[in-house]
Amino acid sequence: MSYRHRIHARLKNRDSPEKIALGVYVVYQTVAMKGLDEMKFDILHQISEHHKVDINHILIAGSAQTGESFHNETLFNPKTSDLDIAIVDAGLYEKCLQITHMATRDYSDLSGFQRKEGISVYTDFLINLGRGFFRPDLMPTCTFKNQWFDFFQTSSKKYQSNFESINCGVYSSLHFFQMKQSNNIEIVKTQSRR
């Protein structure tokens, strides 16, 4: 049974999107890695060692976890789909905040934040922080950011036959990860009404 069907069944039972998200993204098997347990372990172990977090604090999200993108309504494709990783670790989250604080000199220098179409990503960065989600792609330019992306680009090359790329964000707690993923459950719920 597809995850979409499992979600519909749980919605029918009146389970909350938050509860369903916990099952789908924390407990259920990773669809894109079915039968590839060694590869999954290797990827998670490398991340755990590199970022000094417990391996059980590393979760898989997105279409690799569910087998489809609920946003785009497309199936997971090893040639074009990403492996989205979530590190749920308060210590690493705090470290990322401290590095950003220092890189911006107590947020008095925002020049390190990228600009998209002439607009700084600083506001997006803050909105995500308010949701307990640290997005390294939005952080200001600094050594830590460069090292972060060097690590994940190297990992992406190693597993390029399985994923387009490997991306990773950091959550301050399981609560915030669960809330973010419950948005996907709401998307499925809305789509079922069409």
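The values are calculated or read from the model by the stated rules, or taken from the named source; none is laboratory data. Remember, predicted model here, so these are calculated numbers, not experimental data. Every residue, glycine as well, gets a Cβ built from its backbone with ideal geometry; the counts of neighbours run over all protein chains shown. Keep in mind that these areas ignore ligands, DNA and RNA; they rest on the heavy atoms of the full protein, side chains included. Shrake-Rupley method; radii C 1.70, N 1.55, O 1.52, S 1.80 Å.
Over all distinct Cα-Cα pairs of segment 1-142, the Kirkwood formula returns a hydrodynamic radius of 17.3 Å. The C-alpha atoms of the chain define a longest principal axis, and helix 37-51 lies at about 20 degrees to it. Dipole of the chain computed with +1 at Lys/Arg Cβ and -1 at Asp/Glu Cβ about the Cα centre; of A64, V24, I119, farthest Cα towards the positive end is V24.
Pairs of lysines 8 or more apart, or on different chains, with alpha carbons under 17 Å: count those in the chain, would you? Lysine pairs, 8 or more places apart or on different chains, close enough: 12. Springs join every pair of Cα atoms under 10 Å in this Gaussian network model of the chain, and among G169, G132, G62 the largest mean-square fluctuation is at G169. Once the Cα atoms are used to define both axes, helix 174-192 deviates from the longest principal axis of the chain by about 50 degrees.
Per DSSP H run of n ≥ 4, the term is -39500 (n - 2.57); total these for the chain, divide by its residue number, and report the mean residue ellipticity at 222 nm rounded to 500 deg cm²/dmol.
Numbers: 8 runs with 94 residues, N = 194.
Result for the chain: -15000 deg cm²/dmol, rounded to the nearest 500.
Within the full protein context, the accessible area of D124 is estimated at about 80 Å² for a probe radius of 1.4 Å. Only the Cβ atoms of Lys and Arg (+1) and of Asp and Glu (-1) were treated as charged; on that basis the dipole of segment 105-163 about its Cα centre amounts to roughly 200 debye.
Residues in the chain average 56 Å² of solvent-accessible surface per residue, probe 1.4 Å, ligands and nucleic acids excluded. Accessible surface of the chain, 1.4 Å probe: 50 percent of it comes from carbon and sulfur atoms.
Kindly provide the Kirkwood hydrodynamic radius of segment 83-194 in Å, to one decimal, from all pairs of distinct alpha carbon atoms. Each step should come with its number before you reach the end.
Details: mean 1/r = 0.0646 Å⁻¹.
For segment 83-194, inverting the mean 1/r across all distinct Cα pairs yields 15.5 Å.
How many percent of DSSP beta bridges within the chain run antiparallel, rounded to 5? Mind showing how you got there, number by number?
Values: 10 of 16 bridges.
Here the share of antiparallel DSSP bridges comes out near 60 percent.
For segment 1-72, the alpha-carbon coordinates run over 41, 22, 21 Å along the three principal axes, in decreasing order.
Please identify the longest segment of the chain free of exposed GluC sites (Glu not before Pro), where exposed means a DSSP state other than H, G, I, E or B and no more than 16 other Cβ atoms within 10 Å. Spell out each step's value before the answer.
On the way: sites that count: E73, E117, E164.
Longest gap between qualifying sites, sites excluded: 1-72.
Just how large is the dipole of segment 50-194 about the Cα centre, in debye to the nearest 20, putting +1 at every Lys and Arg Cβ and -1 at every Asp and Glu Cβ?
Working: 15 positive and 15 negative charges, 26 e Å.
I would put it at about 120 debye.
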